[in-house]
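**Student:** Before I ask anything, let me first share the structure, which is written out below as structure tokens.
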Amino acid sequence: MTTTASVVAFDQVSKAYGTIRAVDGLTLTLRPGETVALLGPNGAGKSTTLDLLLGLKRPDSGTVRVFGTSPREAIVAGRVGAMLQSGGLMDEVTVAELVRLACDLHPRPYPAKDVLARAGISQIADRKVDKLSGGQAQRVRFALATAGDSDLIVLDEPTTGMDVTTRQAFWATMREQADQGRTVLFATHYLEEADAIADRVLVLHRGRLLADGTAAEIKAKAGVRRISFDLRDSIDETVLRALPFLTYLDMSGHTVRIQSSDADATVHALYGLGLHPRNLEVAGLGLEQAFVAITEAEEARTAC
């Protein structure tokens, strides 16, 4: 694996905690200018992967390279900014004091007033850090992650605790960072953020990489489509459950929503029952539904 043109390179990386393999033979490469979403259920290994990338943990086997060097070397050089869930903020200091400290420590700092403004926290600059709300504390963490001219920004659940307006402003700022050529890697439970923001999506499950592609490619990988329609007359649910290739069924009044691994065959069989569906729609899965389908399929495979 070459690393000269990569921002991050994991090569067969594993990390275990006792008998639990949090990361299991992970190989991936991030390239300059990408905005990458890291998805996975709880326990998938997302936070451990970010800790390995940032040099907070060392792999049991395999190698992690950041800009062709060790994570520690890249961070000391100021090439990486990070916003993590773990770790608290300093108490008994103001927001402005904490941001100024981060700027002073960065090899390529931005002016503190610009960092405060970009994070939307100028109005609370004189407030003590331990008096902040959850959303305000998240914005302070973002300010610390972007206190200097870093080439890679790593974000672990960055918008937790933010309201909708603040989340929108946050992602507008991150788009600007990406447009300037920086690589942005973020882990999130808000799958609509990954769908709207990321140009690449990584799906982790039990420490392994299940899927890697655009949001559209991840949706297609699920191999399932949504079918919805209305029925004028009531019908026994067991009749619909007998449709071929059905993976999901929901009936609400006269509206039926199903998922199928072969939508053409399912719709053909639907008409074969003598039914007359109205307002028939067939569409691909949303990213959240595709994510669930992919991880459930992996669970079923490993259980066999």
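The values are calculated or read from the model by the stated rules, or taken from the named source; none is laboratory data. Because the structure is a prediction, the values reported are computed rather than measured. Note that each Cβ is placed from the backbone with ideal geometry, even for glycine, and that neighbours are counted across all protein chains shown. Accessible surface areas use protein heavy atoms only, side chains included; no ligands, DNA or RNA. Shrake-Rupley method; radii C 1.70, N 1.55, O 1.52, S 1.80 Å.
Yes or no, residue by residue, for (1) among the basic types (K, R); (2) crowded, with 23+ Cβ neighbours inside 10 Å; (3) over 15 Å from L30 (Cβ atoms):
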{"position": "A187", "(1), (2), (3)": "no, yes, no"}
{"position": "D199", "(1), (2), (3)": "no, no, no"}
{"position": "L202", "(1), (2), (3)": "no, yes, no"}
{"position": "G207", "(1), (2), (3)": "no, yes, yes"}
{"position": "A215", "(1), (2), (3)": "no, no, yes"}
{"position": "A220", "(1), (2), (3)": "no, no, yes"}
{"position": "V224", "(1), (2), (3)": "no, yes, yes"}
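**Student:** Having 3 or more residues that are open to solvent by 20 Å² or more (accessible area, probe 1.4 Å) is the bar; report the strands (runs of 3 or more DSSP E) wholly within the stretch 16-117 that clear it.
**Tutor:** Working: elements: 20-30, 35-39, 61-66, 80-83.
Here the list reads 20-30, 61-66.
**Student:** Find the residue count for the stretch 231-247, including only residues that are among the β-branched types (V, I, T) and assigned to a loop (DSSP other than H, G, I, E, B). Full working, then the answer.
**Tutor:** First, pick out the residues of the stretch 231-247 that are among the β-branched types (V, I, T): 235, 238-239, 247.
Then drop every residue that is not assigned to a loop (DSSP other than H, G, I, E, B), which leaves 235.
Within the stretch 231-247, residues that are among the β-branched types (V, I, T) and assigned to a loop (DSSP other than H, G, I, E, B) number 1.
**Student:** Within the stretch 152-182, can you find the residues that are assigned to a loop (DSSP other than H, G, I, E, B), closer than 28 Å to V76 by Cα and touching a residue at least 12 places away in the same chain (Cβ under 8 Å)?
**Tutor:** If the condition is that a residue be assigned to a loop (DSSP other than H, G, I, E, B), closer than 28 Å to V76 by Cα and touching a residue at least 12 places away in the same chain (Cβ under 8 Å), then E157, P158, T159, T160, G181, R182 are the ones that fit.
Residue-wise test of (1) hydroxyl-bearing (S, T, Y); (2) in contact with a Cys (Cβ under 6 Å, 6 or more places away or on another chain); (3) open to solvent by 30 Å² or more (accessible area, probe 1.4 Å).
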| residue | (1), (2), (3) |
| --- | --- |
| L152 | no, no, no |
| L155 | no, no, no |
| G181 | no, no, yes |
| S234 | yes, no, yes |
| T238 | yes, no, yes |
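**Student:** Taking the stretch 31-71, which residues are hydroxyl-bearing (S, T, Y) and in contact with a strand residue (DSSP E or B) (Cβ under 7 Å, 6 or more places away or on another chain)? So that I can check it myself, show each step before the final result.
**Tutor:** So in the stretch 31-71, the residues hydroxyl-bearing (S, T, Y) come out as 35, 47-49, 61, 63, 69-70.
Those that are hydroxyl-bearing (S, T, Y) and in contact with a strand residue (DSSP E or B) (Cβ under 7 Å, 6 or more places away or on another chain): T35, S47, T48, T49, S61, T63.
**Student:** Residues being closer than 21 Å to T295 by Cα and within 17 Å of the chain's Cα centre (by Cα): count how many of those fall in the stretch 27-57.
**Tutor:** Of the residues in the stretch 27-57, the ones closer than 21 Å to T295 by Cα are 27-28, 36-50.
Those left that are additionally within 17 Å of the chain's Cα centre (by Cα): 28, 36-50.
Residues flagged as closer than 21 Å to T295 by Cα and within 17 Å of the chain's Cα centre (by Cα) within the stretch 27-57 amount to 16.
**Student:** Hey, another quick one. Working only within the stretch 133-150, note down all residues that are of a type outside the set (S, T, N, Q) and either open to solvent by 40 Å² or more (accessible area, probe 1.4 Å) or touching a residue at least 60 places away in the same chain (Cβ under 8 Å) (or both).
**Tutor:** To start, the set of residues in the stretch 133-150 that are of a type outside the set (S, T, N, Q) comprises 134-135, 137, 139-145, 147-149.
If the condition is that a residue be of a type outside the set (S, T, N, Q) and either open to solvent by 40 Å² or more (accessible area, probe 1.4 Å) or touching a residue at least 60 places away in the same chain (Cβ under 8 Å) (or both), then G134, R139, R141, L144, A145, A147, G148, D149 are the ones that fit.
**Student:** Those residues that are out of contact with any helix residue (DSSP H, G or I) (no Cβ under 8 Å at 6 or more places or on another chain), free of Cβ contacts under 8 Å to residues at least 60 places away in the same chain and more than 20 Å from E299 (Cβ to Cβ), I need them from the stretch 35-52; list them, please.
**Tutor:** Hit for the stretch 35-52 is D51, nothing else.
**Student:** Does the stretch 276-300 hold any residues that are closer than 18 Å to R241 by Cα and open to solvent by 30 Å² or more (accessible area, probe 1.4 Å), and which are they?
**Tutor:** Here is the first cut: in the stretch 276-300, the residues closer than 18 Å to R241 by Cα are 276-277, 280, 282.
Scanning the stretch 276-300 gives H276, L280, V282.
**Student:** Then there's this: Sort through D126, D130 and tell me the only one that's open to solvent by 50 Å² or more (accessible area, probe 1.4 Å), farther than 28 Å from L287 by Cα and part of a helix (DSSP H, G or I). Let's see the steps before the verdict.
**Tutor:** Working: D126 fails: part of a helix (DSSP H, G or I).
Result of the check over D126, D130: D130.
**Student:** May I ask you to say which residue of E288, E217, E298 is touching a His at 6+ places or on another chain (Cβ under 8 Å) and part of a helix (DSSP H, G or I)? Quick ask: steps written out before the conclusion?
**Tutor:** Details: E288 fails: touching a His at 6+ places or on another chain (Cβ under 8 Å); E217 fails: touching a His at 6+ places or on another chain (Cβ under 8 Å).
Exactly one residue qualifies, and that residue is E298.
**Student:** Take the stretch 256-275 and flag every residue that is assigned to a helix (DSSP H, G or I) and surrounded by fewer than 17 Cβ atoms within 10 Å (Cβ to Cβ). Talk me through it step by step, then tell me what you get.
**Tutor:** Start the filter on the stretch 256-275 by keeping residues that are assigned to a helix (DSSP H, G or I), which leaves 263-272.
Within the stretch 256-275, D264, A265, H268, Y271, G272 qualify.
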